[in-house]
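Scroll down for the structure; my scribbles are underneath it.
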Amino acid sequence: MADFSSKSTSGWKFPFRIKIENRVDNPPRWLSPVLSLAAVVVALLIGALVIWLGGGKPWAAYTHIAKYSLGSVGVLSDTMVKAIPLMLVGLACSIAFRMKLWNIGAEGQFYLGAFGASLVVLLPILPMEAPKWQFILVTALFGMILGAAWGFIPGFLKARYNVNEIISTLMMNYIAIEWNNYFIYGVWSESGFQMSRMFQRNAWLPRLSDLAKRWPFFGGLTTHFGLVLAIVAAIILWLVLSKSKWGYEIRLIGDNPRAAEYAGISIKKNIVLVMMVSGALAGLAGMSEIMGVVHRFQGAISPGYGYTGIIIAWLAKLNPLAVILASILFGALILAGREVQPAGIPTLIQGVIMVALIASDFFYRNRVSITRQVED
Amino acid sequence: MNTLDHVVQMRSISKRFPGVIANDQVDFDLRKGEVHALLGENGAGKSTLMNVLAGLYRAESGSIFVQDKQVNFGSPREAIDAGIGMVHQHFMLVPSQSVTENILLGLTEPRFRMRLPEFNKKVAVLAEQYGLHVDPEAKIWQLSVGEQQRVEILKMLYRGADVLIMDEPTAVLAPTEISELFNTLRSMTEQGKSIVFISHKLQEVMEISDRVTVLQKGKVTSSGINTKDVSRADLAHLMVGREVIFRVEKKAVQAGETVLDVKDLKAFNDKGIQSLDGVSLNVREGEIVGLAGVAGNGQNELAEALAGLREVTEGSISVNEKDVTNKPVKLGIRHGISLIPADRTHVGTAPNLSVTDNVIMKNYDQSPISKGWRVISSEADSYASDLKEAYDIIVPSIDTSVRLLSGGNLQKVILAREISSEPKFMIAVQPTRGLDVGAIEGVQKLLLSQRESGAAILLISEELEELLTLSDRIYVIYEGEIMGEISDGDINKIGEMMTGTPLELIEAEGVK
């Protein structure tokens, strides 16, 4: 408890006092989403201040971002394309963070997922002219398996040898990028270029624009089938985390591993399992990006989706359904932010959101009240 | 202020915490060269008052005078500069460093080069002066709890403390160590130091203190009375505001079949040191068997081994003739083994989860709470509501996080969970520690009712009084070995066994 009442030596007293107390009851249910929203607002205000200091027009910049990310069906569709990988990596981070397993390796698992999906086309695992549904199924499967394998390694190391997963998952990211580069530069390089051949069209994930023949309204819309995968994944994950026995185990381990052990729940097994599921989700993100957007195996497929996923998971308070909304917001920021400035402000806003979120925890733990100073 | 012999005077000290008034207009004074006991139940505000004096907390109102000068400490350092040092219940020592290094920690002298041999001598001289035997070069982790406490005292003396506040110093000590501590305290008062002795143990207060101040729910019920003028019963009355029932009613129960049978059990502790060295014991139906011993003699390891939480290197554990040695925890739970852990917040509960989530910890995967892959939340909620009613858990709602519960209510959550699983064998480790008298009575009654319904209970406690009250038989453990078994409640024999004399030896020497 702290007390910031002013101790004045003269007769005048500061008329208000701010009182900060530890919460002795559960915070109200609405507080958590309100704080997330407030974090975004604060970040936008700070961003506005920076734009203004740089001689720009904050309002104009923000209306521009809004217009070019959500203003029409076309740009909304592009926003969704950006949001799809964010949703999946956000989910990947959410499940791991629920267990206080700090998987910051979603980036690497994303890359391996992309590699796994590419294997199906380039090895090839499916024949060139296999039907589309087979490609969707098998590339998704391989993306998830490879992502899960990349999650298994740090999970196993932590369970068996108590290796810090923050460091191991981070390092695994670099390995993943170089692993992919080996295939991009060497094995599958197309006539010396640092990319594979373009995948055949029947391997691509279906897009809205594929429906344009029947419904011209969808013409030119690039939103792909990954959106369905992401939403289904979010719903399943929500069911698992909030309704299942396993979800309860994850919650218990996350809050108090020793209590979980005492209740007979295997922590080691769950560390490995959660890391694998987390990796599989990030892998699915990589698969959907490769099969839905890039359509060939190449490098630099992620502008740090894996790391943005961390912020999204926190903004959504680790709630899988809220991850969808948070991802759309970030998708908009990434897409239209580029319109304003290639780097800088949009990234700054993301960063400030994270800081504001962490800071907002203070209000979650403490009750702050402002009262009129009483004359003694 | 004219009272020359007063080293400390505290006047109308008030300190609030959210929801409670820890100290309400408390007066306290300390004379030079006395041991002044501060007596009260857990949560009476003893430690809070002394934390205010030691500069850890700031009081909302009231004034403090040290050597007749008004002071207003903003930090423990300011307090120690004024000659007031506090030895906390939980020691603040660096385990990997030596005694001398710990004592010098945070001081400006020596400045850069440690010059340890020189300071080792200084520490040794100081230790000699007050009879605080400890090797200055020893590393903290090598020391017993009693020795570590001496280091804490030395730390304060080295910093020139004239007033020493001891926060429940005997809680962690063996009986012999307690008498050594008392000798030290006496030698310190003879040399002009003044001591505040915080305790809730009546017999110790009677033994060591010159005067006593009693706190009850943040208020002084008796201020600075001479110890020799009061009786133990008087103090008990002042402490709790009602006559203490020292005995709960215990019905005669015929012990039945052997439930727990432990043979020659060996296990290591977390540091890889042998902490159970051939323990054999048994518990029968309808019986409470006590396990006495000073903290850290293998009790926790035994409890963990029995619950399947610690690997056993040798020996066997069977419950109702089923072997459960080194079997998964869940198997033990299914065989009716239940553990009430010593550490309620770090082991027994998940603090940020709701009451519901905490009470279903052991049966979340059993029907009717679970169906298939799901946890049925309506079933879980009604189960939690039933327990809340039955065990009178005082909590606004079953959705409340258990970290917001008081110690007594938290223990009720654990007991409700463990008892409702209808265990055949229950291990209760320090089930009443840190609870107030009312809650203690409640917990003890629950254990007795379990005994009456035929459960086998192993009660591990450091409170001899509790063991004697509840147990049908008592084993004593010392350094991982059972020293003997007693069923007549001979407290002298228990005391001797607690310090490492096997029962055969005691009996061979004959009754003195």
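From the set of residues in the range A:14-41 that are in a loop (DSSP other than H, G, I, E, B) and surrounded by 15 or more Cβ atoms within 10 Å (Cβ to Cβ), which is nearest to the other protein chains (Cβ to nearest Cβ)? Working first, answer last.
So the first thing to find is which residues in the range A:14-41 are in a loop (DSSP other than H, G, I, E, B), and the list is A:14-15, A:23-30.
After this cut, where a residue has to be surrounded by 15 or more Cβ atoms within 10 Å (Cβ to Cβ) as well, the list is A:23, A:26-27.
Working: A:23: 8, A:26: 6, A:27: 10 Å.
In this case the residue turns out to be A:26.
The requirement of being buried (at least 16 other Cβ atoms within 10 Å of the Cβ) and either among the hydroxyl-bearing types (Ser, Thr, Tyr) or not assigned by TED's automatic domain parsing to the domain that holds residue B:167 (or both) is fulfilled nowhere in the range B:31-46; no residue meets it. Here B:150, B:186 are screened, and the one residue that is basic (Lys, Arg) and surrounded by 22 or more Cβ atoms within 10 Å (Cβ to Cβ) is B:150. Consider the range B:117-158. How many of its residues are part of a loop (DSSP other than H, G, I, E, B) and either under 28 Å from the mean Cα position of the chain (by Cα) or aliphatic (A, V, I, L, M) (or both)? Number of matching residues: 9. Within the range A:17-41, the residues that satisfy the criterion of being touching a residue at least 40 places away in the same chain (Cβ under 8 Å) and within 20 Å of the chain's Cα centre (by Cα) are A:32, A:33, A:35, A:36, A:38, A:39, A:40. Residue B:410: surrounded by 22 or more Cβ atoms within 10 Å (Cβ to Cβ) and not in a helix (DSSP H, G or I), yes or no? Answer is no for this residue. Take residue B:360 and tell me if it is within 14 Å of chain A (Cβ to nearest Cβ) and either among the aromatic types (Phe, Trp, Tyr) or within 21 Å of the chain's Cα centre (by Cα) (or both). Taking the combined requirement at face value, the residue does not satisfy it.
Criterion applied to A:97, A:110 was being touching a helix residue (DSSP H, G or I) at 6+ places or on another chain (Cβ under 6 Å), within 30 Å of residue A:181 (Cα to Cα) and surrounded by fewer than 24 Cβ atoms within 10 Å (Cβ to Cβ), and the one residue passing it is A:97.
Just to be sure, is residue A:308 farther than 26 Å from residue A:233 by Cα and hydroxyl-bearing (Ser, Thr, Tyr)?
Details: farther than 26 Å from residue A:233 by Cα: no; hydroxyl-bearing (Ser, Thr, Tyr): yes.
No: the conditions fail for residue A:308.
Test residue A:65 against the stated conditions and say whether it is surrounded by 20 or more Cβ atoms within 10 Å (Cβ to Cβ) and over 28 Å from residue A:267 (Cβ atoms).
On the way: surrounded by 20 or more Cβ atoms within 10 Å (Cβ to Cβ): yes; over 28 Å from residue A:267 (Cβ atoms): yes.
Answer is yes for this residue.
All of (1) in a strand (DSSP E or B); (2) surrounded by fewer than 23 Cβ atoms within 10 Å (Cβ to Cβ) hold for residue B:482 with one exception: (2). When the range B:321-342 is filtered for residues that are at the interface with another protein chain (Cβ under 8 Å from one of its Cβ atoms) and in a loop (DSSP other than H, G, I, E, B), the ones remaining, listed by number, are B:328, B:341.
Against the criterion of being within 21 Å of residue A:293 (Cβ to Cβ), assigned to a helix (DSSP H, G or I), in contact with a Gly (Cβ under 6 Å, 6 or more places away or on another chain) and of a type outside the set (Phe, Trp, Tyr), residue A:117 qualifies.
Please specify each residue of the range A:242-266 satisfying the condition of being within 11 Å of chain B (Cβ to nearest Cβ), of a type in the set (A, V, I, L, M, F, W, C) and in contact (Cβ under 8 Å) with a residue 60 or more places away in the chain. Please lay out each step first, then the result.
As a first pass, look at the range A:242-266 and keep what is within 11 Å of chain B (Cβ to nearest Cβ): A:242-249, A:251-266.
Those still in the list that are of a type in the set (A, V, I, L, M, F, W, C) too: A:246, A:252-253, A:259-260, A:263, A:265.
The one that is within 11 Å of chain B (Cβ to nearest Cβ), of a type in the set (A, V, I, L, M, F, W, C) and in contact (Cβ under 8 Å) with a residue 60 or more places away in the chain: A:253.
Of all residues in the range B:388-404, none satisfies being crowded, with 23+ Cβ neighbours inside 10 Å and hydroxyl-bearing (Ser, Thr, Tyr). Against the conditions (1) in a loop (DSSP other than H, G, I, E, B); (2) within 11 Å of another protein chain (Cβ to nearest Cβ), residue B:295 satisfies every one except (2).
Taking the listed residues B:370, B:378, the one that is more than 25 Å from residue A:365 (Cα to Cα), in contact with a helix residue (DSSP H, G or I) (Cβ under 8 Å, 6 or more places away or on another chain) and not β-branched (Val, Ile, Thr) is B:370, with no other qualifying. Taking the condition among the aliphatic types (A, V, I, L, M), surrounded by 15 or more Cβ atoms within 10 Å (Cβ to Cβ) and assigned by TED's automatic domain parsing to the domain that holds residue B:271, does residue B:292 pass? Judged against the criteria, residue B:292 is a match. In the range B:445-456 there is at least one residue that is under 20 Å from the mean Cα position of the chain (by Cα) and away from chain A (no Cβ under 14 Å).
Out of the range B:402-424, which residues are over 24 Å from the mean Cα position of the chain (by Cα) and either modelled with pLDDT of 90 or more or away from chain A (no Cβ under 14 Å) (or both)? Break it down into steps so the answer makes sense when it comes.
Of the residues in the range B:402-424, the ones over 24 Å from the mean Cα position of the chain (by Cα) are B:420-424.
Within the range B:402-424, B:420, B:422, B:423, B:424 qualify.
Exactly one residue out of B:300, B:352 is surrounded by fewer than 17 Cβ atoms within 10 Å (Cβ to Cβ), touching a residue at least 24 places away in the same chain (Cβ under 8 Å) and either part of a helix (DSSP H, G or I) or at the interface with chain A (Cβ under 8 Å from one of its Cβ atoms) (or both), and it is B:352.
Does at least one position in the range A:275-284 carry a residue that is without any contact (Cβ under 8 Å) to a residue 12 or more places away in the chain and more than 8 Å from chain B (Cβ to nearest Cβ)?
As a first pass, look at the range A:275-284 and keep what is without any contact (Cβ under 8 Å) to a residue 12 or more places away in the chain: none.
Scanning the range A:275-284, I find no residue that is without any contact (Cβ under 8 Å) to a residue 12 or more places away in the chain and more than 8 Å from chain B (Cβ to nearest Cβ), so the answer is no.
It is to be established whether one or more residues within the range A:350-363 are more than 14 Å from residue A:38 (Cβ to Cβ) and buried (at least 20 other Cβ atoms within 10 Å of the Cβ). Yes, that holds for at least one residue. Across the range A:293-315, the qualifying residues are those that are touching a Leu at 6+ places or on another chain (Cβ under 7 Å) and buried (at least 24 other Cβ atoms within 10 Å of the Cβ), and the one among them that is nearest to residue A:327 (Cα to Cα) is A:312. Of all residues in the range B:379-397, those that are away from every other protein chain (no Cβ under 14 Å) have Cβ atoms under 6 Å from Cβ atoms of residues that are basic (Lys, Arg) and surrounded by 13 or more Cβ atoms within 10 Å (Cβ to Cβ), 6 or more apart or on another chain, in B:391/B:412; B:393/B:412.
Evaluation of residue A:238 against the conditions (1) surrounded by fewer than 20 Cβ atoms within 10 Å (Cβ to Cβ); (2) of a type in the set (Phe, Trp, Tyr); (3) more than 14 Å from chain B (Cβ to nearest Cβ); (4) under 22 Å from the mean Cα position of the chain (by Cα) shows that the sole unmet condition is (3).
Quick test for you: out of B:415, B:435, pick the one residue that is of a type in the set (A, V, I, L, M, F, W, C), in a helix (DSSP H, G or I) and either in the same structural domain as residue B:469 (by TED's automatic domain parsing) or under 25 Å from residue A:246 (Cβ atoms) (or both). Working first, answer last.
On the way: B:435 fails: in a helix (DSSP H, G or I).
Among B:415, B:435, only B:415 is of a type in the set (A, V, I, L, M, F, W, C), in a helix (DSSP H, G or I) and either in the same structural domain as residue B:469 (by TED's automatic domain parsing) or under 25 Å from residue A:246 (Cβ atoms) (or both).
When residue A:127 is tested against (1) in a helix (DSSP H, G or I); (2) out of contact with any helix residue (DSSP H, G or I) (no Cβ under 8 Å at 6 or more places or on another chain), exactly one condition is not met: (1).
The values are calculated or read from the model by the stated rules, or taken from the named source; none is laboratory data. Nothing here was measured: the structure is a model prediction, and the numbers come from that model. We place every Cβ from the backbone using ideal geometry, glycine too, and count neighbours over all the protein chains shown.
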